[in-house]
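Enquirer: This is the structure I have questions about; it appears just below.
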Amino acid sequence: MKKILLPLLSLVLVLFSCENEALEGEFSGLDGEDSSSSIVGAWTLVSFNNTISNTGEVNGTTVESNTIIESTDTNYNMTFTAANTFNAAGNYGYNVNSTVNGQNSMQDLSLDDVSGSGSYTVNGTEMTVNGGFFTLEFQGMDLSQAQGEQTLDFSITDNGQTLTFIQDTTETTTIPGGGSTTAEVTATSIWSRVTTTNTSCADAMDATSLAENAYNNDTTNAGLCNAYKTALQNQITVCGDANGSIQVIFDGLNCN
């Protein structure tokens, strides 16, 4: 599955290129960052919502659409490290309300065992991300055109406890086979800082070792796999990962 930052634009473009098929399949939301020092640590997703208004012409047909996606339940954590990397894992549900040329469709969807990773830089209240906070698959299609380096605004409020990402952009895309579309996209996600007890690097490494041994004894157990990933994520937060070796192990674990 492909990891992306802003899935909604890709979703609408795919809908257009497929001649306005009904909205089906899996879809996932977006996110961002804050001041490089204060953003370091673990955050849990509170909510996300995305709105896209799209107009254009595809194969000689005028297309107008409006899509609203709102989270319904979330169990998804993301960790930013001092080495300017991030990783995320968990699951979430969302509602999709889409109207294309006057035809409306609504779906309640959910994604399990979602993961994301990449690198980031911060300049004031602007973050540039290379990678994806979420994973997206839609009707078995590769939506990776939304993957890669993207920029978004963020703020940290409530005495450092709330992180908000906002992405507001307009993009025009040429459709293969003829036509183009212009999308106005507004996306927001809200995260809450995860409060953790003071853990030494040695303790974090010991916890990772225990989780690794348990997983190696039963590599088909999804629960042990996810526990190992959580321990690795915590070790990155506490100890750092200067050479990226822990992140490589994290990315290589498939808990499905």
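The values are calculated or read from the model by the stated rules, or taken from the named source; none is laboratory data. Fair warning: this is a prediction, and the values are worked out from it, not measured in the lab. FYI the Cβ positions are ideal-geometry reconstructions off the backbone, even for glycines, and counts take in every protein chain you see.
Enquirer: Please find, within segment 104-134, the residue that is nearest to residue 230 (Cα to Cα) out of those that are hydroxyl-bearing (Ser, Thr, Tyr) and in a strand (DSSP E or B). Break it down into steps so the answer makes sense when it comes.
Expert: Restricting attention to segment 104-134, the residues satisfying the condition of being hydroxyl-bearing (Ser, Thr, Tyr) are 105, 110, 115, 117, 119-121, 125, 128.
Still in the list and also in a strand (DSSP E or B): 105, 110, 115, 117, 119-121, 128.
On the way: 105: 37, 110: 21, 115: 11, 117: 14, 119: 19, 120: 21, 121: 24, 128: 25 Å.
The extreme case among them is 115.
Enquirer: Same structure, new question: Collect the residues in segment 60-83 that are of a type in the set (Val, Ile, Thr) and buried (at least 19 other Cβ atoms within 10 Å of the Cβ), keeping them in residue-number order. Lay out the reasoning, then the answer.
Expert: Our first condition is that a residue be of a type in the set (Val, Ile, Thr); within segment 60-83, this holds for 61-63, 67-69, 72, 74, 79, 81.
Of everything in segment 60-83, those that are of a type in the set (Val, Ile, Thr) and buried (at least 19 other Cβ atoms within 10 Å of the Cβ) turn out to be 63, 67, 69, 74, 79, 81.
Enquirer: For segment 226-240, indicate whether the set of residues that are over 23 Å from the mean Cα position of the chain (by Cα), closer than 30 Å to residue 159 by Cβ, in a helix (DSSP H, G or I) and among the aliphatic types (A, V, I, L, M) is non-empty.
Expert: First pass over segment 226-240, keeping only residues over 23 Å from the mean Cα position of the chain (by Cα): 239.
With the extra rule that they be closer than 30 Å to residue 159 by Cβ, the set shrinks to 239.
Okay, now just the ones that are also in a helix (DSSP H, G or I), so 239.
The next check asks that each one be among the aliphatic types (A, V, I, L, M); those that pass are none.
The answer is no; no qualifying residue exists.
Enquirer: Something else about it: Output yes when any residue across segment 203-224 is closer than 28 Å to residue 71 by Cβ, modelled with pLDDT of 85 or more, exposed (fewer than 13 other Cβ atoms within 10 Å of the Cβ) and in contact with a Cys (Cβ under 9 Å, 6 or more places away or on another chain), and no when none is.
Expert: no
Enquirer: Which residue pairs have Cβ atoms under 9 Å apart, sit 6 or more places apart or on different chains, and have a first residue in segment 87-105 that is without any contact (Cβ under 8 Å) to a residue 12 or more places away in the chain and a second that is crowded, with 20+ Cβ neighbours inside 10 Å and of a type outside the set (Asp, Glu)?
Expert: Cβ pairs passing all conditions: 104/98.
Enquirer: Please go through segment 225-243 and pick out each residue that is over 16 Å from residue 88 (Cβ atoms) and either charged (D, E, K, R) or surrounded by fewer than 17 Cβ atoms within 10 Å (Cβ to Cβ) (or both).
Expert: Of everything in segment 225-243, those that are over 16 Å from residue 88 (Cβ atoms) and either charged (D, E, K, R) or surrounded by fewer than 17 Cβ atoms within 10 Å (Cβ to Cβ) (or both) turn out to be 240, 242, 243.
Enquirer: Answer yes if at least one residue in segment 60-77 is in contact with a Lys or Arg (Cβ under 8 Å, 6 or more places away or on another chain) and touching a residue at least 12 places away in the same chain (Cβ under 8 Å), and no otherwise. Walk me through it before giving the result.
Expert: Here is the first cut: in segment 60-77, the ones in contact with a Lys or Arg (Cβ under 8 Å, 6 or more places away or on another chain) are none.
Within segment 60-77, none of the residues are in contact with a Lys or Arg (Cβ under 8 Å, 6 or more places away or on another chain) and touching a residue at least 12 places away in the same chain (Cβ under 8 Å).
Enquirer: I would also like to ask the following. Looking at this structure, is residue 57 surrounded by 14 or more Cβ atoms within 10 Å (Cβ to Cβ) and in a strand (DSSP E or B)?
Expert: Numbers: surrounded by 14 or more Cβ atoms within 10 Å (Cβ to Cβ): yes; in a strand (DSSP E or B): yes.
Spelling it out, residue 57 is indeed surrounded by 14 or more Cβ atoms within 10 Å (Cβ to Cβ) and in a strand (DSSP E or B).
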